[in-house]
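To start, the structure itself, in structure tokens.
A short reminder: the numbers here are calculations on the coordinates, not readings from a lab. Here the structure is a predicted model, which means the values were calculated and not measured. Please note: Cβ atoms are built from the backbone with ideal geometry, for glycine as well, and neighbour counts cover all protein chains shown.
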Amino acid sequence: MSRFQEKGARFLLTLPPAAYLLLFFLLPGLMMLLASFRFPGDYGGLAPWYYLEEGSLTFDLTLENWARLFESTLYLQLLLKSLLFALLTTAVCALLAYPLALTIAASPKRHRELLILLVILPFWSNFLVRIYAWMIIFSPQGALTEGLNQITALLGLEPVNLMFSSVAVITCLVYVHLPFMVLPLYANLEKHDPALLDAAQDLGASRAQRFWKVTWPLSLPGLYAGAVLVFIPTLGIFAIPDLLGGTNGIMIGNVIKQQFVESRDWPFGSVLSLVLTGITLLLVVIAGRLGRTPGALT
Amino acid sequence: MSRRNPFVTAAAVAVYAFLYIPLIVVAIFSFNDSRLNAEWVGFTLKWYRQLLENDAMLQAATNSLIIATCAAIVAGVLGTLAGVALHRFRQKWLTALVLGPVAMPDILIGVSLLLTFMLMNISLGMMSIILAHVTFCIGFVAMAVQSRMAGMDDTLLEAARDLGASPWQSFRLITLPLLMPGIVAGMMMAFTLSIDDFVVTFFTAGVGSSTLPLEIYSMVKIAVTPEVNAISTLLMLLTLVLITVLSRFSPQTLRS
């Protein structure tokens with residue numbers, strides 16, 4: 001291929017998708033950055049950010065929206081709570097995913113494909129259906145709540161209501177994000193050389209020692225990858241706290257949604273969204289670093 | 001790893017149960033002859049019948065199908081170009097641009113597009129939803145195509161060139177047919193993601209452009225009714241069919 005044709009091919013292949021994403025992904029990001037410095041419009045939306053008066057241009061921008069973030073501890077608390085929820089979700093996901101991934105990696109090769117598909121299958125059912133399932137399970141008339149309350153009654157405790165609680169929110173967050181932890185962990189565990197465990201056993205290592213000295217350290221890159229894949233989407237979620245959390249369970253995503261849809265304060269909504277973007281980018285960079293740790297098995 | 005620990009296996013079985021019991025509960029109660037999703041009363045199909053008479057739900061289902069088809073076609077074309085470009089030229093900025101929407105939390109894509117559509121005077125409706133869905137679907141098609149490219153034998157292209165094929169001819173007659181399974185898998189993934197999407201649609205939909213997930217959301221917000229179980233069960237069946245077909249085409253795409 002001549003150099004001219006090579007350039008032409010590069011242009012034709014790259015331009016359409018790049019132009020689309022510049023227009024509908026990068027530009028919206030920049031618009032949001034600008035919006036975070038603009039005044040809200042009188043009826044929601046945004047006020048004009050510049051005026052042309054008698055031939056002179058004046059900009060009408062402000063730092064007020066950003067200042068509002070720090071005016072009270074309300075939003076910082078909310079952010080902290082969302083980070084805590086995401087951290088808890090990630091930890092529980094890791095706890096549940098580990099035995100599952102270990103079992104799949106240890107099963108015969110011909111079964112692995114199917115076992116992994118069984119992990120992914122629920123993930124492909126509609127997001128709202130999966131939340132709705134937990135609304136049924138946690139409902140006050142449900143078997144779970146009634147069963148629990150028979151136990152609490154025997155113990156002489158107050159009856160519990162799981163619906164609209166943090167427990168309900170975190171259970172559902174774990175449920176929705178679990179496959180994101182299982183897949184990278186399994187991909188990692190599957191590659192471990194069984195000879196390492198044989199060698200450890202020959203040298204007299206107990207079952208626990210074999211796990212903590214061989215399998216566990218080698219699995220850390222998979223665990224980190226899974227943690228990022230669970231943590232990032234969890235942090236931005238709003239539908240789960242919205243439907244299962246009540247007033248106590250709200251997260252940063254709920255406030256962003258509220259600013260854009262209900263109170264229609266787009267500048268402040270943009271500020272909150274940019275904070276979330278910042279945290280996401282930071283996590284992606286950290287994950288990139290961890291992925292490149294020397295000796296890491298990926 | 002040959003030694004299996006019975007406790008670990010038992011824990012794994014419990015996690016599988018955790019994954020499936022909620023969905024099975026939804027499906028079972030869709031056939032239950034009671035308004036409450038609490039105890040089994042008797043078998044009925046009346047919730048499915050009611051669903052068929054629900055015009056808003058049928059309209060939403062039609063909208064969802066139109067949107068997902070359009071989004072899959074547009075994302076299929078743009079994603080294929082992007083996938084080939086990513087494999088051939090390995091530009092870092094293009095990778096970031098294509099995979100960015102995949103990595104970002106949905107809500108950020110939703111609100112930033114809402115802002116942009118309003119400022120660009122694009123009215124919110126089916127069109128804005130399709131534009132938004134294509135944004136996050138391109139990356140998935142590109143990944144499917146790229147992984148297919150990576151497994152391709154470059155000598156075929158060299159042979160075509162030696163035999164006098166122009167770059168366009170070798171692309172159309174060799175690269176494209178070989179990429180087809182990847183493209184089809186990517187487009188089906190785009191279709192599934194689009195038809196399932198709630199968050200991005202929530203922010204970019206307007207009056208009269210409700211989709212199935214939006215309709216389910218507004219029903220669930222008001223009350224838990226067996227009609228929602230019925231539509232959920234139907235959606236699960238649809239996804240099951242799509243996944244079965246998809247796994248025929250390209251099992252590795254499902255995992256990415």
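Computed extension gain for B:V245 through B:K46, at 0.36 nm per residue and net of the alpha carbon distance, reaches 68.6 nm.
Take the Cα of A:T247, step 7 Å toward its Cβ, do the same at B:L65, and the gap between the two points is 4.4 nm.
Got the relative contact order for chain A handy, in percent, Cα pairs under 8 Å and 6 or more residues apart? Contact order relative to length: 24 percent. One decimal place: the segment A:L87-A:L117 gains 8.2 nm when fully extended, by the rule 0.36 nm per residue minus the C-alpha distance.
Annotation: lysines with alpha-carbon distance below 20 angstrom to A:K7 (same-chain offsets under eight excluded): B:K92.
Sorting A:165-172, B:43-50 by average packing, meaning the other beta carbons within 10 Å per residue, from highest down gives A:165-172, B:43-50. Here is what passes the span test in chain B: the DSSP H helices with alpha carbon length of 30 Å or more along the helix axis and a Kyte-Doolittle mean of 0.0 or above are B:6-29, B:55-89, B:126-150, B:226-249.
Peptide B:7-20 shows a mean partner chain C-beta count of 6 within 10 Å per residue C-beta. P(r) tail for the protein assembly as shown: Cα pairs beyond 37 Å make up 38% of the total. Note on the protein assembly as shown: dipole from Cβ charges, positive end direction compared against A:P241, A:L96, A:F123; the farthest Cα belongs to A:L96. Using all Cα-Cα distances in chain A, what percent lands in each 5 angstrom bin from 0 up to the longest? Histogramming chain A at 5 Å steps yields 1, 5, 8, 10, 11, 12, 12, 11, 10, 8, 5, 3, 2, 1, 1, 0, 0, 0 percent. Binning all Cα-Cα separations of chain B at 10 Å, short to long from zero, yields these whole-percent fractions: 7, 23, 27, 23, 14, 5, 1, 0. Once each of the GluC sites (Glu not before Pro) sitting in a DSSP loop with at most 15 other beta-carbon atoms within 10 Å is removed, chain B keeps B:54-256 as its longest stretch. Let me know the shape class of the range A:54-173, please: from the alpha-carbon gyration tensor, a ≥ b ≥ c as square roots of the eigenvalues, rounded when a/c is under 1.5, otherwise prolate if a/b is greater than b/c, or oblate. Here the range A:54-173 falls in the oblate category. Each part reduced to its alpha carbon centroid, the range B:180-229 and the range A:75-133 end up 21 Å apart.
Residues in the range A:238-276 near a label at A:W66, defined as backbone nitrogen under 12 Å from the 7 Å Cα→Cβ point? The answer is A:271, A:275, whose backbone nitrogens lie closer than 12 Å to the label point. Summary value for chain B: 31 percent relative contact order, contacts being C-alpha pairs under 8 angstrom separated by 6+ residues. The mean number of Cβ atoms from other chains found within 10 Å of a Cβ in peptide B:231-240 is 4, as a whole number.
When every Cα-Cα distance of the range B:1-140 is counted in 10 angstrom steps from zero, the calculated P(r) takes the values 9, 20, 22, 24, 19, 5, 0 percent. By the rule of a C-alpha distance below 25 Å, with chain neighbours fewer than 8 residues away ignored, the lysines paired with A:K257 are A:K81, B:K221. In plain terms, the residue of A:C93, B:C137, B:C70 with the fewest other Cβ atoms within 10 Å comes first and the most crowded comes last, giving B:C70, A:C93, B:C137. Shielding by partners for peptide B:37-47, expressed as the average number of C-beta atoms from other protein chains within 10 Å of each residue's C-beta, is 2.
Candidates A:F164, A:L69, A:G226 compared by Cα position along the dipole of the protein assembly as shown: farthest toward the positive end lies A:G226, with charges placed on Cβ. Of the residues B:L176, B:I130, B:A223, the one whose Cα sits farthest towards the positive end of the charge dipole of chain B is B:L176 (charges of +1 on Lys and Arg Cβ, -1 on Asp and Glu Cβ, taken about the Cα centre). In chain A, the DSSP-assigned H stretches of four residues or longer account for a calculated mean residue ellipticity at 222 nm of -21500 deg cm²/dmol, using -39500 (n - 2.57) per stretch and the full residue count as denominator. Computed about the Cα centre, the dipole magnitude for the range A:65-163 is approximately 440 debye when only Lys and Arg (+1) and Asp and Glu (-1) carry charge, each at its Cβ. Remark: A:D242, B:D197, B:D154 ranked as B:D154, A:D242, B:D197, counting other beta-carbon atoms within 10 Å and listing the fewest first.
Taking Cα centre as origin and charging only the Cβ of basic (Lys, Arg, +1) and acidic (Asp, Glu, -1) residues, the dipole magnitude of chain B rounds to 600 debye. In this simple spin-label model, placing a label point 7 Å from the Cα along the Cα-to-Cβ direction at both A:A153 and B:F89 gives a separation of 7.0 nm. Report summary: the helix-based calculation at 222 nm, which adds -39500 (n - 2.57) for every DSSP H run with n ≥ 4 and divides by the residues of chain B, gives -25000 deg cm²/dmol. Between B:D55 and A:W49, the FRET efficiency estimated from the beta carbon spacing at R0 = 56 angstrom works out to 0.80. Stokes-Einstein, applied to the Kirkwood radius of the range A:65-134 over Cα pairs at a viscosity of 1.306 mPa s and 10 °C, places its translational diffusion at 102 µm² s⁻¹. Model label points for A:Q209 and B:E39, set 7 angstrom from Cα along the Cα-to-Cβ axis, are 5.7 nm apart. For A:L46, the residues whose modelled amide H falls within less than 5 Å of its own, excluding neighbours fewer than 5 places apart on the same chain, are A:G41.
Dipole magnitude for the range A:167-254: about 140 debye, using +1 per Lys or Arg Cβ and -1 per Asp or Glu Cβ, origin at the Cα centre. The alpha-carbon of A:K213 sits under 28 angstrom from the alpha-carbons of these lysines, leaving out residues fewer than 8 places away in its chain: A:K109, A:K191.
Given R0 = 35 Å, the distance between the Cβ atoms of A:T58 and B:N121 translates into a calculated FRET efficiency of 0.90.
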